[in-house]
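Worksheet for the structure shown next.
Every read-out reported here was derived from the displayed coordinates using simple, explicitly stated rules and does not represent laboratory data. Quick caveat, the model's predicted, so the values are computed rather than measured. Glycine also receives a Cβ, built like all others from the backbone with ideal geometry; neighbour counts cover every protein chain displayed.
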Amino acid sequence: MAHKIASFVRNELIPESPPPVSETGAIKWMRENLFSSPLNIIMTIASLWAVYTLFNSVAPWFLNGVWSGNSVRDCYEILDGATGACFAVLKERWPQLIYGFKYPPSEFWRPNFAAVLLCVAIVPVLFSTVSKKLFLFTVVYPFLAFWLIWGGTILGPIVAFAGCAVAVLASRRLESYGFALAALCGFVCALVCWIFGGYLVDIGKDFLVLPSVPSRDMGGFMLNLILGTVCVSLSIPLGIMLALGRQSDMPIIKWICVCFIEFIRGVPLITLLFVANVVLAYFFPPDTNIDLILRVIIMITLFSAAYIAEVIRGGLAALPSGQFEAANSLGLNYAQAMRLIILPQALKVSIPGIVNVAVGLFKDTTLVSIISMFDLVGMIRGPILSSTAWNGVYWELFAFAALLFFVVCYGISQYSQWLERQLETDHR
Amino acid sequence: MTEQVHLEISDEIAIQIQNMNKWFGSFHVLRDIDLTVNRGERIVVCGPSGSGKSTLIRCINALEEHQKGQIIVDGIELTSDLKNIDKIRSEVGMCFQHFNLFPHLSILENCTLAPIWVRNTPKKEAEEVAMHFLEKVKIPEQADKYPGQLSGGQQQRVAIARSLCMKPRIMLFDEPTSALDPEMIKEVLDTMIELAEEGMTMICVTHEMGFARQVANRVIFMDQGQIVEQNAPEPFFNDPQNPRTQLFLSQILGH
């Protein structure tokens with residue numbers, strides 16, 4: 001039986017029209033997300049009630065907060081039985097919370113100035129559109145910041161910087177003779193520079209001196225920031241090297257990297273910090289005295305470098321092998337292929353993981369309070385809470401600590417999401 | 001069928017492969033390969049999948065290492081010496097089945113990267129050369145886009161331009177059209193034909209038999225890691241000698 005086909009030709013296109021009113025705007029959103037079923041209606045109401053109760057109990061505590069007073073008893077007197085926070089502790093102990101309890105108050109401008117300069121120095125690292133000249137300042141910044149925060153003669157940091165600069169220049173010159181030779185020569189040049197520089201520093205002890213502040217006097221949130229910034233910026237390059245080393249064809253390098261990563265990942269950070277505090281001294285000659293902060297920096301850096309290495313290894317594994325082959329087939333050597341083709345892509349994939357480790361690292365800097373360093377948490381747990389004046393003011397102090405860390409960590413997280421969007425070029 | 005491209009082939013040898021063998025583990029992928037390619041010659045390699053044709057051309061620029069025998073490219077023998085390998089790679093351009101453009105770089109940057117870093121060409125000059133070759137593959141207007149924004153055919157043409165920017169003396173093509181939609185195959189083949197007409201030494205692994213008839217001086221048929229038959233395109237397609245070649249040709253030309 002023949003089937004009849006209805007022939008059809010459209011001569012006029014249907015014009016665009018707006019969707020029905022019930023399908024747009026706030027009403028639709030509420031109906032779909034809050035009141036879509038009886039169960040969801042109950043849940044919505046219950047959640048609103050929970051939010052209200054929470055707000056109801058926290059708001060008076062916060063709003064009634066007492067901001068002036070010299071002890072917790074002053075707060076109680078002012079509150080006179082009403083609920084309210086005792087924020088006076090933050091005001092009275094502010095310098096201790098930020099700088100620790102031994103940093104000389106007359107020198108507070110130095111860490112403040114260093115923090116402002118940090119904001120400048122970090123800009124060319126975070127934003128690639130900024131002029132490359134600013135990057136020179138970023139290179140100089142660590143030495144400048146050291147001088148500002150620790151004090152002493154400026155010759156020390158200058159010699160340290162000169163050593164690094166000489167090492168870089170020397171290894172650049174010798175790059176064409178092979179990487180290992182270049183690195184070795186760079187190291188030797190730096191060493192020579194530092195040894196001679198050491199005499200120079202001894203002679204010019206009084207040149208541009210800031211009152212020196214020893215490491216054990218550092219504390220408060222400043223210590224967390226110092227440890228966080230230094231360790232993050234050291235552990236990312238170290239992590240990249242470990243990740244590449246783990247993929248190396250050279251068995252000895254590969255096994256060193258594998259053993260290092262697996263060992264460090266298998267050990268708790270606190271153990272490593274105790275090692276830094278106590279055990280490390282046994283391994284050095286008796287008369288060497290390595291600064292406690294330096295020891296802690298080394299340990300935290302090694303710890304997070306191992307994690308970052310694994311994150312980056314994941315990023316490297318995500319790249320199709322065609323990228324390596326294309327880079328090789330164009331005649332790029334290993335270093336060029338890695339720097340120009342492989343790492344930019346692998347690091348982009350690893351951003352969420354790296355940020356995860358960086359945020360974790362920053363918060364883990366509070367663990368140094370265990371080995372009797374007075375960082376923000378150490379200050380709160382130690383000198384402040386155990387003083388008779390502020391005994392028992394837990395909520396206010398720890399909420400303040402949480403807030404400080406949250407601001408920094410949330411900032412890092414927002415930046416990383418912005419960066420990911422910036423690097424989005426593959427339009428998947 | 002379009003007319004065959006005719007060009008003088010010089011007596012100068014571009015690639016010489018002697019008694020070359022390769023194993024993947026214990027699997028013998030390439031067996032006693034002997035192949036001499038003169039400058040200006042255009043060779044098409046065909047054969048069933050797994051016959052070792054891709055591996056053969058990947059050995060020529062040392063993406064794969066051979067274990068026995070000799071490969072001499074442009075007078076330089078391929079050994080494990082990294083300097084030789086980098087030198088040969090910069091003289092030998094290669095196009096891949098999946099293009100392998102660098103997705104984090106713009107089209108122009110893809111093309112200028114190797115000249116700038118390997119040949120130390122000034123950026124300005126490298127960009128001019130890149131634009132010249134992008135015009136040649138007919139997509140200069142895409143220079144500032146990223147690979148992800150281009151169609152497959154366009155990406156493959158960029159890949160060809162990227163190789164040409166290194167001014168290679170030899171071009172290798174590893175199934176350049178296999179990952180493309182039928183309507184994009186033509187634009188890539190046209191580019192390759194144009195390249196052939198200019199006298200580029202080419203070795204091309206492909207299943208495009210029309211291209212082979214039109215462009216190749218010589219067609220090589222491989223099976224099980226060996227060169228089974230090689231001949232000029234006319235006799236190769238019209239009068240194949242080996243039964244394996246006959247079967248293969250009847251299968252791909254049969255429908």
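State whether the protein assembly as shown is rounded, prolate or oblate according to the following rule on the C-alpha gyration tensor (a ≥ b ≥ c being the square roots of its eigenvalues): a/c under 1.5 gives rounded; otherwise a/b larger than b/c gives prolate, and the remaining case gives oblate.
Oblate.
How would you rank B:I252, B:I57, going from fewest to most other Cβ atoms within 10 Å of each one's own Cβ?
So the ranking, lowest neighbour count to highest, is B:I252, B:I57.
Taking Cβ-Cβ under 4.7 Å as the only way to count a partner, pick out the unpartnered cysteines of chain A.
Cys with no partner Cβ under 4.7 Å: A:C119, A:C164, A:C185, A:C189, A:C193, A:C231, A:C257, A:C259, A:C409.
If I model a spin label at A:L126 and A:I42 as a point 7 Å from the Cα along the Cα→Cβ vector, what separation in nanometres do I get?
4.7
Any number yet on Rg/Rh for region A:341-428, C-alpha, Kirkwood?
That ratio equals 1.19.
Divide by every residue of chain A the summed helix terms, -39500 (n - 2.57) for each DSSP H run of at least 4, and state the resulting mean residue ellipticity at 222 nm, rounded to the nearest 500 deg cm²/dmol.
That calculation yields -21000 deg cm²/dmol at 222 nm.
Let me know the longest stretch in chain A that avoids all GluC sites (Glu not before Pro) found in a DSSP loop with at most 16 other C-beta atoms within 10 Å.
With GluC sites (Glu not before Pro) excluded where exposed in loops, chain A gives A:17-423 as its longest stretch.
Show me the GluC sites (Glu not before Pro) within region B:51-148 that DSSP assigns to loop and that have at most 15 other Cβ atoms within 10 Å of their Cβ.
Loop-located and lightly packed - B:E65.
Counting other beta carbons within 10 Å of each Cβ, put B:R39, B:R169, A:R421 in order, fewest first.
Starting with the residue having the fewest Cβ neighbours, the order is A:R421, B:R169, B:R39.
Suppose R0 equals 60 Å; then what is the FRET efficiency for A:W29 and B:F27 from their Cβ-Cβ distance, rounded to the nearest 0.05?
About 0.50, to the nearest 0.05.
From largest to smallest, what semi-axes in whole angstrom does region B:120-218 give when each is the square root of 5 times an eigenvalue of its alpha carbon gyration tensor?
23, 17, 10
Please work out the C-alpha center-to-center distance from region A:331-347 to region A:235-255 and express it in whole Å.
One Cα centre to the other: 15 Å.
At a Förster radius of 25 Å, what calculated FRET efficiency corresponds to the Cβ-Cβ distance of B:D190 and B:I76, to the nearest 0.05?
Computed FRET efficiency for B:D190 and B:I76 comes out at 0.20.
Have a look at A:T301, A:T44, A:T138 and tell me which one the Gaussian network model of chain A (Cα, springs below 10 Å) gives the largest fluctuation.
Ranking A:T301, A:T44, A:T138 by mean-square fluctuation puts A:T44 first.
Rounded to the nearest 500 deg cm²/dmol, what is the calculated helix-only ellipticity per residue at 222 nm for chain B, with -39500 (n - 2.57) per DSSP H run of length n ≥ 4?
For chain B, the value works out to -11500 deg cm²/dmol.
Restricting to Cα atoms and excluding each atom paired with itself, what does the Kirkwood estimate give for region A:1-108 in Å?
Kirkwood radius, region A:1-108: 21.2 Å.
Within chain A, which complete DSSP H helices have Cα atoms spanning at least 15 Å along the helix axis and a mean Kyte-Doolittle hydropathy of 0.5 or higher?
A:38-63, A:109-126, A:134-150, A:155-173, A:179-203, A:220-246, A:251-265, A:292-318, A:343-364, A:394-422
Viscosity 1.306 mPa s, temperature 10 °C: what is the translational diffusion coefficient of chain B from Stokes-Einstein with a Kirkwood Rh over Cα pairs, rounded to a whole number of µm²/s?
Once the numbers are plugged in, D ends up at 85 µm²/s.
What angle, in degrees between 0 and 90 and rounded to the nearest 10, separates the Cα long axis of helix B:123-136 from the longest principal axis of the Cα atoms of chain B?
50
Any chance you could run the full-extension gain for A:F406 through A:F108? It's 0.36 nm times the residue separation minus the Cα-Cα distance, nm to one decimal.
104.9 nm
Can you tell me which of A:P268, A:P142, A:P352 moves the most in a GNM of chain A? Springs connect C-alpha atoms under 10 Å apart.
A:P268
Defining a contact as two alpha carbons under 8 Å apart and six or more residues distant in sequence, what relative contact order in percent does chain A show?
Relative contact order here is 16 percent.
With a 10 Å Cβ neighbour count serving as the proxy for reagent exposure, in which order, fewest first, do B:T201, A:T129, B:T121 appear?
Listing B:T201, A:T129, B:T121 from fewest to most nearby Cβ atoms yields A:T129, B:T121, B:T201.
Could you work out, residue by residue across A:318-329, how many beta carbons of other chains sit within 10 Å of that residue's beta carbon, and then give the average as an integer?
Across the residues of A:318-329, the mean count of other-chain Cβ atoms within 10 Å is 6.
Give the calculated FRET efficiency between A:M250 and A:L169 to the nearest 0.05, with a Förster radius of 25 Å applied to their Cβ-Cβ distance.
Result of the calculation: an efficiency of 0.40.
Restricted to Cα positions, what overall size does region B:67-185 have along the principal axes? Three whole-Å values, descending.
Cα spread of region B:67-185 along its principal axes, largest to smallest: 43, 37, 23 Å.
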